[in-house]
Amino acid sequence: MQVDPVAGVVLFVALMLVVAKLGGDLAVRIGQPAVLGELVGGMVLGSISGLGNAIRSDSGVEMLAGIGAIVLLFQVGLESRISDMLRVGLSALLVATAGVVGPFLLALLVGRWLLPDESGYAHAFLGATLCATSVGITARVLADLGRLQTREARVVLGAAVIDDVLGLLVLAVIAGMASAAERGAPMSGLAVAQSLGIAAAFLVGSLAAGVFLSRRLFPLAAKLRARGVLLAAGLSLCFIFSWLAARVGLAPIVGAFAAGLVLEDVDHQEFTARGDPGLRKLIEPVADFLVPIFFVLMGVRTDLSALLDPHLLGLFAALTVAAVIGKQVCGLAALERGIDRVFVGLAMIPRGEVGLIVAGIGLSTTVHGEPMIDRGVFSAVVAMVAATTLMTPPLLKWRVR
């Protein structure tokens with residue numbers, strides 16, 4: 001009897017959701033973000049012989065996880081505002097810029113030192129994984145410490161959002177160069193400039209087009225009386241932008257983030273005026289279903305035994321040190337007098353969900369027919385993301401005391 005292929009996918013999804021929620025609950029109970037529990041749960045699942053390989057090789061699970069990453073970046077974009085980025089001032093911009101440039105350069109050095117046989121694309125990818133700062137994790141820690149209203153918190157949260165934009169630009173450039181390399185184009189300064197120009201033009205163009213379209217399409221959509229119109233309209237815009245990003249050679253998550261940025265509350269006030277929840281509220285159940293699948297799959301793909309290799313263990317340690325030092329540099333860029341620059345640098349350390357998404361893209365991107373990074377390097381990067389996320393709360397509590 002032929003088994004419906006959907007049956008295997010839904011079984012894996014059910015198992016991954018159970019593991020995600022159990023791991024997330026355990027993580028929250030010990031004062032850590034739920035994403036860490038989901039990641040560790042995936043690692044445990046992946047270590048089970050046979051089952052881990054079956055999940056890793058299932059194209060249906062991979063597709064759902066990819067959509068989960070897109071929804072997550074869309075959600076991050078919804079929580080960010082262009083107007084907020086413009087209000088935080090020069091200090092946050094300088095902190096964010098230093099928080100991208102410093103870690104990126106340090107990761108390049110680590111790559112050339114410990115991975116001399118890997119391509120320049122792999123070294124640049126390591127830099128991209130160190131650029132991001134997890135806005136959600138940082139905001140939660142600051143709230144727990146009662147520091148959300150301080151000058152340091154305003155600079156950190158503003159810088160973390162700008163950090164994500166700059167980090168996605170870096171990722172877009174690397175992905176564009178890797179795509180060009182697949183077509184036989186060599187790496188050069190001109191290729192870098194071209195990829196940066198495409199990424200910047202797409203981001204600016206999508207923001208401008210998104211604002212123009214959303215202010216006209218959403219009032220029209222509000223005239224429809226079917227259920228779920230606002231959610232369908234928001235996700236449709238997110239997926240279209242993701243598709244457009246992929247068409248110009250960028251990562252789809254860049255388009256998803258841009259779509260989230262342009263959908264401010266004013267765009268769907270006709271829906272909320274009649275009692276419907278806002279888009280940020282509506283997207284939560286979708287994210288609660290899809291995003292844990294992505295994080296668990298990242299854990300399943302992590303080969304913990306690879307870290308028993310002294311070389312890869314050294315890579316993990318060097319990346320973690322570079323991740324911490326790189327963000328301390330950005331703390332020095334804060335301009336305000338009397339601000340605690342060490343606190344700012346410590347608060348920028350966690351890579352969290354964005355770092356994991358970048359790591360997943362690196363594992364699935366090919367250069368000259370070969371993966372940009374192998375599972376061993378991927379595992380070292382995931383371990384670095386987990387370490388930076390784990391160390392931030394106790395370091396900030398120590399600094400406050």
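The values are calculated or read from the model by the stated rules, or taken from the named source; none is laboratory data. The shown structure was predicted, so the numbers you read here are calculated from the model rather than taken from an experiment. A quick note on method: Cβ atoms are made from the backbone with ideal geometry, for glycine too, and the neighbour counts reach across all protein chains shown. With ligands, DNA and RNA removed, areas are computed over all heavy atoms of the protein, side chains included. Shrake-Rupley method; radii C 1.70, N 1.55, O 1.52, S 1.80 Å.
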- Task: Scan the stretch 348-360 and give yes if some residue there is at pLDDT 85 or above, surrounded by fewer than 24 Cβ atoms within 10 Å (Cβ to Cβ) and either among the aliphatic types (A, V, I, L, M) or on the phi > 0 side of the Ramachandran plot (or both), otherwise no.
- Result: no
- Checked the stretch 266-282 for anything part of a helix (DSSP H, G or I) and either open to solvent by 20 Å² or more (accessible area, probe 1.4 Å) or touching a residue at least 60 places away in the same chain (Cβ under 8 Å) (or both); matches are VAL266, GLN269, GLU270, THR272, ALA273, LEU279, ARG280, LYS281, LEU282
- Being under 18 Å from the mean Cα position of the chain (by Cα), open to solvent by 10 Å² or more (accessible area, probe 1.4 Å), closer than 30 Å to ALA387 by Cβ and modelled with pLDDT of 85 or more, is that true of even one residue in the stretch 257-265? no
- Query: Inside the stretch 94-111, can you point out the residues that are closer than 10 Å to ALA159 by Cα and open to solvent by 50 Å² or more (accessible area, probe 1.4 Å)?
  - Reply: LEU94, THR97
- Among PRO350, PRO393, the single one that is under 19 Å from GLY37 (Cβ atoms), in contact with a Gly (Cβ under 8 Å, 6 or more places away or on another chain) and not small (Gly, Ala, Ser) is PRO393
- Query: In this structure, is LEU395 touching a residue at least 24 places away in the same chain (Cβ under 8 Å), over 19 Å from GLY46 (Cα atoms) and among the hydrophobic types (A, V, I, L, M, F, W, C)?
  - Reply: yes
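Applying the selection to the stretch 218-244, what residues are modelled with pLDDT of 90 or more and either crowded, with 23+ Cβ neighbours inside 10 Å or among the charged types (D, E, K, R) (or both)? Break it down into steps so the answer makes sense when it comes.
Residues of the stretch 218-244 that are modelled with pLDDT of 90 or more, as a first pass: 229-244.
Once the filter is applied, which keeps residues that are modelled with pLDDT of 90 or more and either crowded, with 23+ Cβ neighbours inside 10 Å or among the charged types (D, E, K, R) (or both), the stretch 218-244 yields LEU230, GLY234, LEU237, CYS238, PHE241, SER242.
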- Message: I need a count of the residues in the stretch 1-35 that are farther than 30 Å from LEU396 by Cβ and either under 23 Å from the mean Cα position of the chain (by Cα) or assigned to a helix (DSSP H, G or I) (or both).
- Response: 14
